[in-house]
Amino acid sequence: MIRNVVLDIGGVLVNYHTVDFYTNKGYSQEEAQRLAGVTMNSGYWEQFDIGLMPYEWILSKMKSLDPSLAPDIEKSLKTQHGIVSRREGSKAWIEEIRKRGYRVLVLSNFSNPALRDCPDAMDFLGENLGGCGKSGDFGVISEGILSCRVHQIKPYPPIYALLLTLYGLVPEETVFVDDTQKNLTGAEAYGIHTILFRSTEQVLGELERLSGC
């Protein structure tokens, strides 16, 4: 029996922006692609999500990938507001999952700067997890793990083990919903059921199918 539904944030509960983060700041498509390539799409971006390395160190590594972009990297990442945006219907979807009898948690690679700079997008996340939602309110999730707070990231094993242990979850009774297959593969290694997110209705349908097994 499925009792627990664990939701990713970026790409599932909020819109996640890469190239368009930069075009929305006034950069051309070509400039935006170059900037995204040395920031979000570089190997250094995950350091924000891990939350251990100093901000300036991460920026310096990104700048070293293309020194000609150094001023724009500095300027554009002074605030990460707009890197995620509110997805209409997320809170109602959370409540629909709850109405079907499931406990709802989050498990997400998420950075302190994004958490700090995007409060408007994080109204579904409880204050105890760094969001602006009040625990117990409609559509607010107050259980789960953000990578920057535990210094572990998906798809590596420790973050899944911590989730199961911290919240007393039984893998066979748990479903993890993510929009990235490698993160689901990491969860499956622990016996957790998984759903690759494509739409809210698709996830509800697959939950119904899994619960009927």
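The values are calculated or read from the model by the stated rules, or taken from the named source; none is laboratory data. Note that the structure is a prediction, hence the values are computed from the model and not measured. For neighbour counting, all protein chains shown are included, and Cβ atoms are generated from backbone atoms with ideal geometry for every residue, glycine included.
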| List the pairs whose first member sits in segment 24-52 and is within 11 Å of residue 111 (Cβ to Cβ), whose second member is of a type in the set (Gly, Ala, Ser) and part of a loop (DSSP other than H, G, I, E, B), and whose Cβ atoms are under 8 Å apart, counting only residues at least 6 apart or on separate chains? | 48/111; 49/111; 51/111
| remark: Scanning segment 35-91 residue by residue, those more than 18 Å from residue 9 (Cβ to Cβ) and either in a loop (DSSP other than H, G, I, E, B) or touching a strand residue (DSSP E or B) at 6+ places or on another chain (Cβ under 9 Å) (or both) turn out to be 39, 41, 42, 43, 44, 52, 53, 54, 66, 77, 78, 79
| said: Among the numbered criteria (1) out of contact with any Ser or Thr (no Cβ under 9 Å at 6 or more places or on another chain); (2) in contact (Cβ under 8 Å) with a residue 60 or more places away in the chain; (3) buried (at least 19 other Cβ atoms within 10 Å of the Cβ), which one does residue 8 miss? | reply: (1)
| query | Counting just the residues of segment 165-185 that are in contact with a helix residue (DSSP H, G or I) (Cβ under 9 Å, 6 or more places away or on another chain) and not in a helix (DSSP H, G or I), which one comes out farthest from residue 101 (Cα to Cα)? | reply | 178
| query | For segment 130-144, which residues satisfy the criterion of being crowded, with 17+ Cβ neighbours inside 10 Å and at pLDDT 95 or above? | reply | 139, 140, 141, 142, 143, 144
| message | With the requirement that a residue be touching a Phe, Trp or Tyr at 6+ places or on another chain (Cβ under 6 Å) and crowded, with 18+ Cβ neighbours inside 10 Å, what does segment 59-75 give you? | response | 62
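This table checks each residue for (1) within 21 Å of residue 6 (Cβ to Cβ); (2) among the polar types (S, T, N, Q); (3) without any contact (Cβ under 8 Å) to a residue 24 or more places away in the chain.
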{"residue": "78", "(1), (2), (3)": "no, no, yes"}
{"residue": "88", "(1), (2), (3)": "no, no, yes"}
{"residue": "94", "(1), (2), (3)": "yes, no, no"}
{"residue": "105", "(1), (2), (3)": "yes, no, no"}
{"residue": "109", "(1), (2), (3)": "yes, yes, no"}
{"residue": "128", "(1), (2), (3)": "yes, yes, yes"}
{"residue": "141", "(1), (2), (3)": "yes, no, no"}
{"residue": "154", "(1), (2), (3)": "yes, no, no"}
{"residue": "169", "(1), (2), (3)": "yes, no, no"}
